[in-house]
Amino acid sequence: MKITLKGDVVKEYENGVSAADIAKSIGMGLYKSACAARVNGKTVDLRTVINEDCALDILTFDDDEGKRVFRHTASHVLAAAVLRLFPSAKYAIGPAIDGGFYYDFDVEKPFTSDDLEKIEAEMKVIVKSGVALERFEKEPSDARELMANQPYKLELLEEHAAKGDKISFYTLGEFTDLCAGPHLMDVGAIKAFKLTSATGAYWRGDSKKAMMCRIYGTAFPKNADLEAHLAAIEDAKKRDHNKIGRELEFFTTADCIGQGLPILLPKGARTIQLLQRFVEDEEQSRGYQLTKTPLMAKRDLYRISGHWDHYRDGMFIFGDPDDETKECFALRPMTCPFQYQVFLNRKRSYRDLPMRLGETSTLFRNEDSGEMHGLIRVRQFTISEGHLILRPEQLEEEFKGCLDLAKFMLKTVGLAEDVTYRFSKWDENRKDKYEGTVEQWNEAQSLMEKILNDLGVQYTVGIDEAAFYGPKLDIQIKNVHGKEDTLITIQIDMLLAAKFGMQYTDSDGSEKTPYIIHRTSLGCYERTLALLLEKYAGALPVWLSPEQVRVVPISDAHHAYAEELVAKLKAVGIRAEADYRAEKMGYKIREAQLAKVPYMLVVGNDEMANGTVAVRARKEENGGVKAFDAFKADILLEVAEKRL
RNA sequence: GCUUCUGUAGCGCAGUUGGUAGCGCAACUGAUUCGUAAUCAGUAGGCCAGCGGUUCAAAUCCGCUCAGAAGCUCCA
């Protein structure tokens, strides 16, 4: 048979050789680093026997799929070690994930960090002992017998059996696992690994099902790579906004105020104000009208929108929600139905559309206690909210405008390269979560798909990620821990307008129901600030820095000059302060540097005599001596251009 | 909400097997007037997150509550 290898090299082999044999024939070096093979585009075990012509790649740890196979095998080593130390443990699943792997166990007592050390030591023993890793298949009936004591495996087994699949197993010494593979040929290559944490996780990701004990770990062929990986993770944590945001005094929290209710300190409040002004001004220039709507409403409003049914538990409610004889209010968890009242204010014509409404809108959501995280997930937050009320034929154009605005925002704050796009669809098997008919969903989703494809947006599809009233384009971003959140969203809604009786008179005199786009320009300001702090490690671009210039007079004799400079900078809108304390300049510079102030202006006798400033930028320490007016012109330009 | 961990002065931390608390930085006061990342000395600051329990005795052991972290689940 003919095997087409990398680089379109074709080699002849006898039928019945394994992928591993082919790797060996190419070179023992390749065989030793091989993790899996790709046959006609499908990742398979190296044990796979090849019987016909095909395209075959040998995958190593350098390939993403190779990494996954390597780490998935490491998860089996983990499970084998756990079963040696905790023979009564029931094992569930152990996949590779980005950056590592995990394995879920049902054990009587959750694993402690001491346990992790012991398990890791046992894994080392298993890897060193060179026990073989073997694959075999069984009929479902025999497989059931083999896994009789493993309830989670039995559950998985039944699903595979129902599909008519053969049931495959991998044996690692005395440990046998139901597993589709693929796996490494043996575990000897897993030289560098580390168990990183033990946490809880629901079986099958269902909060109604049992809580398993999950062990996370990572593995590499080389120790140096493991060390580098762990160091990179530690390094990323130093940028955690929840740490530096507090250290740099952008925000704080108070036990007596409550969870998810951050206090924005002067610096945080200033940066958010700058972002808000930027968004509001930009929206105005793009034809948006600003609204200010109430922060609360009677339950009646949320009943019309459907939020009362879908999200009542997530609202802050005043009064007894079940007592129909008395008024009951709730803080608003979204702006939609409030802004719809703007449209409903009077009879609307097709000439009023598109109506673009924007609002810097504070929302309240009673998130579950375990969900809060710094400024990223909070109970009170302010978003760059907006709704576009449209004639159907305006949908594509306006959607494009929303995306263009979002991209412009991302580019301006410097996050454009850090986001991914997700087309969030409903799950037709979970109709209770969504409103509207199959036809309406199909229409809205195909419309969005067409728009996204026309615009050439590179996106992933998220099933069961839609809003209850329609599909979304979610612009996603990861924090320093790798956890993904939605930064910006653009949603097509074909349901709520009808619920609120929103209509416009078309050119032919007929009454029509408009389409609505729900969208944000820059998402939620708290979250955006958090991601900016992480992106820039606290050193925000000059235009967003709460303090842009700190003047450092060398001694008392230079205070008057410093005062004069600060006044001149403030007069042109530059946020400048001077450090008049009786400290040495080295000390003042250290503090300004740690506070990430973009520019320090050191002034002493020379500068005072010449009308100059000695510039020290936080990036390049020696900015040279400049005429003060030249510095002022430079920074004004930098701010005006919103340079990153 | 669930699992695990954590909670000592504004911040970062010590506090051995239970015997009512320290260090560094910051703050304040004084001295120092200094040329690019920490001048010196002194002073003050804590119901050891809160409440309850065990004990002759609790920062330390136990329970509950609150708050913080990681993960899971959720996210209009």
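The values are calculated or read from the model by the stated rules, or taken from the named source; none is laboratory data. Given the structure is predicted, the values throughout are model-derived calculations rather than measurements. Here the Cβ is made from the backbone with ideal geometry for all residues, glycine too, and neighbour counts use every protein chain on show. Ligands, DNA and RNA are stripped out before the accessible areas are found, and what is left, the full protein with its side chains, is counted by its heavy atoms. Shrake-Rupley method; radii C 1.70, N 1.55, O 1.52, S 1.80 Å.
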Collect the residues in segment A:552-576 that are more than 14 Å from RNA strand B (Cβ to nearest atom) and within 44 Å of the chain's Cα centre (by Cα), keeping them in residue-number order. A:Val566, A:Ala567, A:Lys568, A:Leu569, A:Lys570, A:Ala571, A:Val572, A:Gly573, A:Ile574, A:Arg575, A:Ala576
Kindly establish whether A:Lys11 is assigned to a helix (DSSP H, G or I), free of Cβ contacts under 8 Å to residues at least 24 places away in the same chain and among the charged types (D, E, K, R). no
Would you confirm whether or not segment A:276-289 contains a residue that is more than 16 Å from RNA strand B (Cβ to nearest atom) and among the β-branched types (Val, Ile, Thr)? yes
Selection within segment A:383-394 - within 15 Å of RNA strand B (Cβ to nearest atom) and among the polar types (S, T, N, Q): A:Ser384
So which residues in segment A:473-517 are over 20 Å from A:Cys336 (Cα atoms) and hydrophobic (A, V, I, L, M, F, W, C)? A:Ile477, A:Val480
Please specify each residue of segment A:586-612 satisfying the condition of being surrounded by 16 or more Cβ atoms within 10 Å (Cβ to Cβ), within 8 Å of RNA strand B (Cβ to nearest atom) and either farther than 25 Å from A:Pro266 by Cβ or of a type in the set (Val, Ile, Thr) (or both). A:Ile589, A:Val602, A:Val603, A:Gly604, A:Glu607, A:Met608
Within segment A:349-372, restricting attention to residues that are assigned to a strand (DSSP E or B) and buried (at least 19 other Cβ atoms within 10 Å of the Cβ), which residue is nearest to RNA strand B (Cβ to nearest atom)? A:Phe364
Under 7 Å by Cβ, and 6 or more places apart or on different chains, what pairs join a residue from segment A:601-619 that is touching a residue at least 12 places away in the same chain (Cβ under 8 Å) with one that is part of a helix (DSSP H, G or I) and within 6 Å of RNA strand B (Cβ to nearest atom)? A:Val602/A:Met585; A:Val613/A:Glu607; A:Ala614/A:Glu607; A:Arg616/A:Ile589; A:Arg618/A:Gln593
Which one is least open to solvent (accessible area, probe 1.4 Å), of the residues in segment A:92-145 that are over 24 Å from A:Phe220 (Cβ atoms), within 16 Å of RNA strand B (Cβ to nearest atom) and not charged (D, E, K, R)? A:Ala92
Would you check if there is a residue in segment A:165-183 being within 13 Å of RNA strand B (Cβ to nearest atom) and either over 30 Å from A:Ser545 (Cα atoms) or open to solvent by 20 Å² or more (accessible area, probe 1.4 Å) (or both)? no
Look through segment A:36-83, keep the residues that are of a type in the set (D, E, K, R), touching a strand residue (DSSP E or B) at 6+ places or on another chain (Cβ under 8 Å) and part of a helix (DSSP H, G or I), and return whichever of them is nearest to A:Val127 (Cα to Cα). A:Arg71
Quick one: is A:Glu371 in contact with a strand residue (DSSP E or B) (Cβ under 9 Å, 6 or more places away or on another chain) and modelled with pLDDT under 95? yes
Segment A:473-523: number of residues that are more than 16 Å from RNA strand B (Cβ to nearest atom), in a strand (DSSP E or B) and open to solvent by 50 Å² or more (accessible area, probe 1.4 Å): 2
Do you know which residues across segment A:497-516 are touching a helix residue (DSSP H, G or I) at 6+ places or on another chain (Cβ under 6 Å) and not basic (Lys, Arg)? A:Phe500, A:Met502, A:Tyr504, A:Asp506, A:Ser507, A:Thr513, A:Pro514, A:Tyr515, A:Ile516
Looking across segment A:248-267 at residues that are within 23 Å of A:Lys535 (Cβ to Cβ), within 9 Å of RNA strand B (Cβ to nearest atom) and in contact (Cβ under 8 Å) with a residue 60 or more places away in the chain, the single one that is least open to solvent (accessible area, probe 1.4 Å) is A:Gly260
Find the helices (runs of 4 or more DSSP H) located wholly in segment A:108-225 whose residues include 3 or more that are closer than 23 Å to A:Leu85 by Cβ, touching a residue at least 24 places away in the same chain (Cβ under 8 Å) and not hydrophobic (A, V, I, L, M, F, W, C), and list them. A:113-129, A:151-162
